[in-house]
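Working notes, beginning with the structure itself.
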Amino acid sequence: MDWSIAIGPLALPVQLLVLFAAIGLGLWVGSRAARRAGVSVERELHMALFIGLLVARLAFVLQFRAAYADAPWRVIDIRDGGWSPWAGLAAAWFYALVATHPRFRAQPAQRRPVVLALAVASVLWVAGSAAVLLKSPAVQGLPALQTLSMNGQRVNLAQPTGKPTVINLWATWCPPCQREMPVFERAQRQHPDVNFVLVNQGESPE
């Protein structure tokens, strides 16, 4: 179970905030080290960040390419939260080490600030992510929540079904919910061994 912090209508996962903090601190440390060395590394650091994010996204899309086949434009819709962080981290390190190599006309003094920035960001991200996972609440069972089926029968969500259960909260006025419905419909047909429960939020059966 992931922790999240609510900011108004937004719920930000703690792991995402850890990533932002790691990137911010890494850029700050790298910039300070570069100023002391009398060089500029902003371009290298920003490019490493961009390439890392790009590769992390592309690696995820490639891994789950079947899910994007029917609507390729969704590759750029990063709201689905699909990233492969280890691929992105490896790509950022690879670019940084290549870009600061003297063979590519880099100044020798540039490498240390760039490597220091990436090292700080990497260690903070890995340590922070591990801490979040270790401190996350234990997996809990479903609450004793009762709802009504379309024909008016009471349904107890906590009642064991002998199957894995997927619960989706939805409403007709919710655009993301409307987009998800065909996905759940296909999943129900393709996975009869899974119990799908779609719980409407405060609307009448009509």
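The values are calculated or read from the model by the stated rules, or taken from the named source; none is laboratory data. Predicted, not measured: the structure shown is a model, and the values here were computed from it. Backbone-built Cβ (ideal geometry, glycine too); neighbour counts: all protein chains shown. Side chains included, ligands, DNA and RNA excluded: accessible areas come from the protein's heavy atoms. Shrake-Rupley method; radii C 1.70, N 1.55, O 1.52, S 1.80 Å.
Taking amide hydrogens as placed 1.01 Å from N in the peptide plane, the amide H of ASN200 sits under 5 Å from those of TRP170, each at least 5 positions away in sequence or on another chain.
The apolar share of the surface of the chain, taken as the fraction of accessible area on carbon and sulfur atoms (1.4 Å probe, ligands and nucleic acids excluded), comes to 65 percent. Between 0 and 90 degrees, the angle of helix 14-37 with respect to the longest Cα principal axis of the chain falls at about 10 degrees.
For the chain, the per residue solvent-accessible surface stands at 69 Å², with DNA, RNA and ligands left out and a 1.4 Å probe.
For segment 11-116, chymotrypsin sites (Phe, Trp or Tyr not before Pro) meeting the loop criterion (DSSP other than H, G, I, E, B) and having at most 16 other Cβ atoms within 10 Å: PHE64. As I understand it, the value is the acute angle between the Cα axis of helix 42-63 and the longest principal axis of the Cα atoms of the chain; what does it come to in degrees, rounded to 10? Long axis of 42-63 versus the principal axis of the chain: about 30 degrees. Each Lys and Arg contributes +1 and each Asp and Glu -1, all at the Cβ; summed about the Cα centre of the chain, the dipole is approximately 1060 debye.
Taking only Cα atoms, what is the 0 to 90° angle, nearest 10, from helix 108-135's long axis to the longest principal axis of the chain? The angle comes out at about 30 degrees.
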